[in-house]
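The values are calculated or read from the model by the stated rules, or taken from the named source; none is laboratory data. Just so it is clear, the structure is predicted and the values come from calculations on it, not from any experiment. Every residue, glycine as well, gets a Cβ built from its backbone with ideal geometry; the counts of neighbours run over all protein chains shown.
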Amino acid sequence: MAKLEIKIYPDPALRKKSRQVARVGDAERKLAYDMIETMRFANGVGLAAPQVGVSKRIIVVEDAESDSRIALTLINPKITHKKGKVKFCEGCLSLPGVSSDVVRPEFITVEALNLDGNTLKINADGLFARIIQHEADHLDGIMFIDKIGFLKRKKIIKQFGAKVCMKF
Ligand code: NI
């Protein structure tokens with residue numbers, strides 16, 4: 001396994017729509033293992049391939065509510081059902097140091113391929129549903145700051161800019 005470099009906002013890789021994976025092979029499996037290592041090293045609970053500069057519809061998510069640490073890989077994830085609405089604080093490995101409350105559906109059903117190329121169907125709620133939605137958004141170039149009010153977004157971007165820019 002190898003640790004990958006995480007792209008930081010406003011890297012253009014984060015705004016591209018990722019390509020569907022036609023066949024799950026060794027390249028996808030290696031990418032997923034490297035993404036899990038990268039996510040854990042960065043203390044994240046989810047990571048999407050565009051965040052490591054790969055334009056493929058692959059996400060890894062930590063099942064944060066299970067006792068043992070299990071990371072799940074979802075390939076070509078598609079959210080087929082959404083229900084409810086809930087507010088929860090989100091951050092992003094590509095936007096270090098900032099966070100905001102984001103409103104999203106509370107319950108989801110997601111269909112995806114696993115690393116063996118088999119179809120999975122998962123009903124999720126709570127933090128797990130939240131992580132899957134956040135990561136699936138990355139595959140369409142969407143970040144959590146796109147889901148909050150204009151003024152809040154402006155404030156976050158300004159805060160973030162202040163951390164990455166040198167002042168002189
Ligand atoms: Ni993120």
Are any residues in the stretch 93-120 more than 13 Å from the ligand (Cβ to nearest atom) and among the hydroxyl-bearing types (Ser, Thr, Tyr), and if so, which ones?
THR109, THR119
Report, by residue number, each residue of the stretch 114-125 that is part of a strand (DSSP E or B) and either over 16 Å from the mean Cα position of the chain (by Cα) or surrounded by fewer than 19 Cβ atoms within 10 Å (Cβ to Cβ) (or both).
THR119, LEU120, LYS121, ILE122, ASN123
For the stretch 84-92, indicate whether the set of residues that are at pLDDT 95 or above, within 16 Å of the ligand (Cβ to nearest atom), under 19 Å from LYS7 (Cβ atoms) and charged (D, E, K, R) is non-empty.
yes
From SER100, SER68, grab the single residue that is over 13 Å from the mean Cα position of the chain (by Cα), surrounded by fewer than 21 Cβ atoms within 10 Å (Cβ to Cβ) and touching a residue at least 24 places away in the same chain (Cβ under 8 Å).
SER100
The stretch 45-65, residues that are surrounded by fewer than 24 Cβ atoms within 10 Å (Cβ to Cβ) and assigned to a strand (DSSP E or B)
LYS56, GLU62
Does the stretch 156-168 include one or more residues that are of a type in the set (D, E, K, R), assigned to a loop (DSSP other than H, G, I, E, B) and at pLDDT below 95?
yes
Can you confirm whether GLU111 is charged (D, E, K, R) and part of a helix (DSSP H, G or I)?
no
